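To keep things clear, I will list the structure first and then write my remarks on it.
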Amino acid sequence: MKHLKLILVFAFLLIFNFGYSWGTTGHRVVAQIAQNHLTGKAKRHLKKIFGNEPMAYWANWPDFIKSDTTGVWKPTSSWHYINIEKQNNFKDFDIAIKSQKAPNLYTQIQILSDQIKDKKTPIKDKKIALIFLIHLMGDLAQPMHTGRYDDLGGNKIKLKFFGQDTNLHSLWDSKLVDFTQYSYTEFANVLDVKSDDEVKQIQSGSLEDWLYDSHQQANRIYANSVAGKNYSYDYDYKFESLLERQLLYGGLRLAKVLNDIL
């Protein structure tokens, strides 16, 4: 990992210009919801790493650095997803993700978590690991990041949204989120209304369970999305509740991970 100074330079140059998975708004929604559910201990550890900066400030940095031309961060590009063919049960899915070549979304969430927990990890490296973990847990909740290899998680499935050319992956990354017209704080406030018991239920399970959950939602999206079709209000109506579910689940599960490791 390079020095933190390099991080700050790229973040300053890129922060307002680029956005990828979940778009800038979606990742900040996930980060804000997570921040709402941190324990006091986790908040204290987070403050030592981020100071007064909220997690939402850093939530998109791992996408911004995709525009870096030095090649320093190129090896991290495969961390954001795990392409996998349709799996109809958890057992087959679990075998499939564990047999894939690393690094990918599944392997890196575990590696980053271990780096953050390790007291020997230098603070500058711990900060980088934490930034990536915040982002990748958001990616986990975006179903198309557990999509299929042959179409690159929906990137090759071309369609239109309100007459504009796009693809299935991009539609779920940003266009459906942007269609709501919420700021990230507004969206987080609207979604983060579950009871304590409901929150515990959403946070239950393992990383493998959560990935399989996202993969199942990806299968549903594939089954209800037709290449070449021009979608508009009908698509938003059909998937609005799923979009909201995934953003909420991403935030609550990120909180669970951070509370366990910080």
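Laboratory data are not the source of any read-out in this text; all were calculated from the coordinates shown. Quantities reported herein were computed from a predicted structural model and do not represent experimental measurements. So basically every Cβ, Gly included, is an ideal-geometry build from the backbone, and we count neighbours across all protein chains shown.
Details
- For region 106-151, chymotrypsin sites (Phe, Trp or Tyr not before Pro) meeting the loop criterion (DSSP other than H, G, I, E, B) and having at most 14 other Cβ atoms within 10 Å: Y149.
- Förster radius 41 Å - calculated FRET efficiency between T185 and K160, Cβ distance, rounded to 0.05: 0.85
- Each of N230, L171, Y212 was scored by the projection of its Cα onto the charge dipole of region 170-262, and the greatest displacement toward the positive side belongs to N230; charges sit on the C-beta of Lys, Arg, Asp and Glu.
- Proximal charge balance of E186 [Cβ under 12 Å; K/R count +1, D/E count -1]: 0
- Gyration tensor (alpha-carbon) shape descriptor, the chain, a/c threshold 1.5: rounded
- Non-local lysine pairs in region 91-164, meaning eight or more places apart or on different chains, with alpha-carbon distances under 25 Å, amount to 8.
- Quarter of Cα convex hull surface for region 86-236, i.e. mean projection, nm²: 11.3 nm²
- Built amide H within the under 5 Å cut-off of F161, gap 5+: T166, Y231
- Extension gain for K48-D236 works out to 63.6 nm (0.36 nm per residue, less the C-alpha to C-alpha distance).
- The alpha carbon gyration tensor of region 163-262 gives principal lengths a ≥ b ≥ c with a/c of 1.5 or higher and a/b greater than b/c, which makes the shape prolate.
- Shape class for region 29-97: oblate, because the ratio a/c of the largest to smallest gyration tensor axis (alpha-carbon atoms, square roots of eigenvalues) is 1.5 or more and b/c is at least a/b.
- Calculated from backbone phi, Karplus (6.51, -1.76, 1.60) coupling profile of region 183-198 in Hz, x at Gly/Pro: 6, 5, 6, 4, 5, 4, 5, 5, 7, 7, 10, 6, 6, 4, 5, 5
- For the chain, built as a Gaussian network whose Cα springs stay under 10 Å, the top-fluctuating residue of F90, F162, F187: F162
- Net charge dipole size for the chain [Lys, Arg +1 and Asp, Glu -1 on Cβ; Debye, nearest 20]: 960 debye
- Were the residues from D94 through Q110 laid out at 0.36 nm apart, the gain over their Cα-Cα distance would be 4.3 nm.
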